[in-house]
Amino acid sequence: MRFLGMLSLCAMLLFPAFAKAQTCSVPKVLIVLDKSSSMVRNQVSNETLWHWATEALTQLVTQFDGSIDFGLMMFPAPPGMCTPGMINVDVGAGSASDIINALGIAPPYSGNYTPSYQTLDLVASYAPLQDTSSENFVIFISDGWQWCDPYDAATRFLSVNSVTALNALGIKTAVIGFYNSVDYLGLNRMAVQGLMPRSGCSTTATFDELQADPSLRCYQQADNYTELTAALNAIATTITAETCNGLDDNCDGRIDEGLFRSCSTACGTGIEQCVTGNWTGCTAQQVGEEICNDLDDDCDGQIDEGCSCQRGDTRPCGLDAGACELGQQICEAGVWTECRNAVWPTIESCNAVDDDCDGFIDNDLYEACSTACGSGVRICSSGSWGDCTAKSPTAETCNAVDDDCNGQIDDGTNLCEDGEQCIEGQCISEDDPDAGTGDPKGTAPDGCSCSAGSKPVNGRSLPLVLFLAGAFLMGIRRRVRK
């Protein structure tokens with residue numbers, strides 16, 4: 001038992017449509033047939049309209065027996081004249097043979113009129129069509145107008161009201177006009193209110209327009225047996241077709257199978273499928289929130305509205321000075337791109353070009369430089385480096401300066417004239433006695449017997465130094481004795 005339970009559960013999961021369709025409700029259809037005398041007076045192909053109606057209905061109930069529960073109501077009811085119709089065969093399963101037998105009694109050649117609205121008013125109270133567990137329909141067939149003797153024009157469109165009342169009860173009405181003597185306008189209005197109109201028909205066409213152009217008619221028009229059979233078959237096929245209602249309409253054990261229809265959004269068209277009574281999965285592009293992506297996301301005919309720019313827009317960018325050149329930005333997905341193909345500033349170099357694009361050429365360019373004499377700088381001007389500010393070496397002269405920057409002062413030869421020598425930056429005659437000492441051998445240019453830092457050249461000053469030192473010591477001794 002547990003195994004069978006698991007098997008049943010798996011079947012429901014794998015085949016949900018079959019699992020839910022344990023039972024189905026066959027649609028109920030009441031055929032409301034005009035049995036007026038004109039049905040035997042009017043003929044097509046040497047047979048009465050009644051003959052052809054009987055043949056077409058026999059084929060209908062035979063073909064769809066088991067798929068539709070049929071019933072039959074004919075008007076007028078006995079004794080005729082304008083007596084409202086009566087139920088000849090109750091709606092139910094397997095009623096085809098009873099309906100065929102009932103159709104075997106033809107109307108009288110005269111005396112039967114067309115009490116259409118009176119008959120349809122009775123249908124509203126027919127209990128089997130008020131069963132909400134099934135879909136319920138009326139197939140109304142007539143060859144004439146709403147007519148009782150005497151004719152009352154005020155009753156012409158009362159059948160439209162009757163069909164509207166059936167519609168309010170959930171009963172749909174399909175309308176067939178048989179032969180060319182029908183009230184085109186009255187039947188057209190009935191078909192519209194019956195909620196089973198032909199596709200593409202006109203709900204506002206006039207009588208003359210409907211008579212002239214059959215394509216405008218919302219009801220089914222049949223002028224012979226072939227057309228009547230086709231009309232009945234089309235209606236029955238529609239009634240038994242699987243519809244998107246969560247039911248197994250055609251009693252094949254499946255619910256809403258194979259149902260697709262076109263669908264649309266503001267963005268376009270697509271296809272959607274019926275799933276358990278609901279249309280879902282429309283393949284049309286859905287309306288989205290507009291974002292900056294070069295697409296019309298909300299399908300309002302505008303691309304990237306509200307974005308900073310529009311697709312295809314361009315604008316210049318960058319600098320237009322010195323060596324720099326302008327580039328271009330392009331609007332992509334509603335946003336400006338980076339600046340493309342621009343020439344940007346570079347570090348300023350000594351080349352007579354405004355490399356950094358500040359409006360000045362070779363500005364603030366200097367670099368360190370040096371010579372043997374020391375360090376300095378040089379400045380760029382007009383693309384060339386200027387002279388270094390450091391002192392450059394020159395020829396050595398007798399001036400107490402290291403002119404050639406070799407680390408020695410007044411070195412070299414030929415600094416003075418012949419017979420002179422360079423002493424402390426001055427050329428002194430080698431034969432000229434020293435002017436300040438009386439020492440003809442003095443060599444200092446200022447008359448001193450020596451230059452600062454030089455050693456004594458003889459011992460004449462030693463006795464004087466010793467005398468002064470002795471006197472200094474004697475003085476110190478006297479101060480101590482006291």
One would report the antiparallel percent of DSSP beta bridges in segment 67-225, rounded to the nearest 5, as 30 percent
Based only on other Cβ atoms within 10 Å, what is the fewest-to-most ordering of 261, 378, 41?
261, 41, 378
Hypothetical label at residue 311: residues of segment 250-291 whose amide nitrogen lies under 12 Å (7 Å Cα-Cβ projection)
291
What dipole magnitude, in Debye to the nearest 20, does segment 364-438 give about its Cα centre under +1 on Lys/Arg Cβ and -1 on Asp/Glu Cβ?
720 debye
Quick check for me: using +1 on Lys/Arg Cβ and -1 on Asp/Glu Cβ, what's the dipole size of segment 345-392 about its Cα centre, in debye to the nearest 20?
420 debye
Using 0.36 nm times the number of residues separating residue 164 and residue 230, minus their current alpha carbon distance, what extension gain do you get?
21.2 nm
Which of rounded, prolate, oblate describes segment 345-392, given a ≥ b ≥ c as roots of the alpha-carbon gyration tensor eigenvalues and a/c under 1.5 marking rounded, otherwise prolate only if a/b is larger than b/c?
prolate
Would you grab the residues whose amide H sits under 5 Å from the one on residue 377? Only those 5+ places off in sequence or on another chain, please, with H modelled 1.01 Å from N.
369, 389, 390
Assign unit charges at the C-beta atoms only (+1 for Lys and Arg, -1 for Asp and Glu), then state the dipole size of segment 20-240 relative to its Cα centre in Debye, rounded to the nearest 20.
340 debye
Calc'd 3J(HN,Hα), segment 154-163, phi into Karplus 6.51 cos²θ - 1.76 cosθ + 1.60 (θ = phi - 60°), Hz, glycine/Pro = x, comes to 5, 8, 3, 9, 5, 5, 5, 5, 5, 5
Indicate the gyration tensor shape class of segment 20-240 (rounded, prolate or oblate), computed on the Cα atoms with a ≥ b ≥ c the square roots of the eigenvalues: a/c under 1.5 is rounded; otherwise a/b larger than b/c is prolate and the rest oblate.
rounded
Among the aspartates and glutamates, select those whose C-alpha is under 15 Å from the C-alpha of residue 35, and discard any that sit fewer than 8 residues away in the same chain.
55, 143
Quick one: order 196, 39 by neighbouring beta-carbon count within 10 Å, fewest to most.
196, 39
Go through 354-361, 222-229 and give me the packing order, highest mean Cβ count within 10 Å leading.
222-229, 354-361
Kindly rank 241-250, 330-339 from highest to lowest mean number of other beta carbons found within 10 Å of each residue.
241-250, 330-339
Which FRET efficiency, nearest 0.05, do residue 291 and residue 269 yield, Cβ-Cβ r, R0 22 Å?
0.40
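Each reported figure results from applying straightforward, stated rules to the coordinates on display, with no laboratory input. These numbers come from a predicted model, not from an experiment. Glycine also receives a Cβ, built like all others from the backbone with ideal geometry; neighbour counts cover every protein chain displayed.
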